1. Restricting to segment 150-170, give me the number of residues that are within 13 Å of ligand 2 (Cβ to nearest atom) and among the hydrophobic types (A, V, I, L, M, F, W, C).
2. Report, by residue number, each residue of segment 73-96 that is assigned to a helix (DSSP H, G or I), surrounded by fewer than 17 Cβ atoms within 10 Å (Cβ to Cβ) and not basic (Lys, Arg).
3. Scan segment 78-104 for residues that are within 11 Å of ligand 2 (Cβ to nearest atom) and among the aliphatic types (A, V, I, L, M) and jot them down.
Amino acid sequence: MTTETENKKRSHAELMELMGKTLSEYIEAPVSEEAVRRIIDEKLAELPVQKLEVTLPDGVTTEVESPHKQLTDVIELVKQGHNNILLVGPAGTGKTTIASDLAKALNLEFGFLSLSAGVTEAHLFGRILPQADGAWAYQSTRFVDVYENGGVFLLDEVDAADPNLMVSINAAIANGHLSNVVNGKIHQRHPNCILIAAANTYGLGADAQYVGRNPLDASTLDRFVLSTTFVDYDTDLEKRLAQGVEGAESLLDWVWAIRSKISEYRLRRIASTRVVVNGLLALRAERSLNYIKTMFLQSWSKDEVAKVESL
Ligand SMILES: Nc1ncnc2c1ncn2[C@@H]1O[C@H](COP(=O)(O)OP(=O)(O)OP(=O)(O)O)[C@@H](O)[C@H]1O
Ligand SMILES: [Mg+2]
């Protein structure tokens, strides 16, 4: 599997020719092709990635538009042979999007389930339901389907899950087969089944920011040893999303400044990529930055607002 950026490929030959010609005219001496190539490669490496191109082992090439910078880290883990990956990071950094983009990059089906309170084993393993003819039949789930037939399945918000639910799928995560108590079957794991778990905490329980989170069982965490990635905000991605929107530069500066104040004062607040995405919607609808600030800060206490007031 190889990855390369569209940027690097884009008009390489055209740029080489144009730069070589311009430079040699300017300095009135020939410029070697190698020198031009070096300058162009350095500059292209500085550009944010617009599109990620992935060539799969079977020769199929896929493309992901506007990827998070850490999508390549996750693809790298898959290349190493990991099929259980844990993404940890603050709210709204892009974990869910990375999982669905991974499916696109690998040309696989995508399924997901948010494991918030109330989600039970039936949501993962299926249930026996009455049919129109009065008989009872097993109804499968997307999870079982991806497990058996391949795909990327996101177990979202795992640290909000009932710890017993996670324990119940531990065997499925680690052992290559799923013993389904609902239909009594053993489902074999497909070689192309990739399970991604996403969480806001490292599975050690609630912290000041994420008060409703449960500690994960040590055996669950062990499934992700050496395949856990911390997902941070991708400011280059935010810049790309903001391209061409009037007033976006000030919005970005403000969001990034708020983020650093939140971290400096350890405020229990989040300024996620969602603020950028929704702020851009407001700017496109010709709302002012002041309007966005007021909306964003409306639930903050006076004390919290005072800490970021200078922004
Ligand atoms: N690669 C991307 N391209 C475009 N938008 C993105 C991308 N990544 C994230 N976003 C946007 O940023 C926001 C947060 O992304 P996402 O839901 O993936 O984050 P998350 O880390 O899963 O958040 P949470 O922890 O709250 O579940 C969404 O509005 C999403 O549309
Ligand atoms: Mg998410």
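None of the figures in this text is laboratory data; all of them are computed from the coordinates on show. Only a predicted model underlies this, so the values are computations on that prediction, with no experimental measurement involved. Don't worry about glycine lacking a Cβ; one is built from the backbone with ideal geometry, like all the others, and counts go over all protein chains shown.
1. Selection size over segment 150-170: 4.
2. Selection gives Asp73, Glu76, Gln80.
3. Of everything in segment 78-104, those that are within 11 Å of ligand 2 (Cβ to nearest atom) and among the aliphatic types (A, V, I, L, M) turn out to be Leu87, Ala91, Ile98, Ala99.
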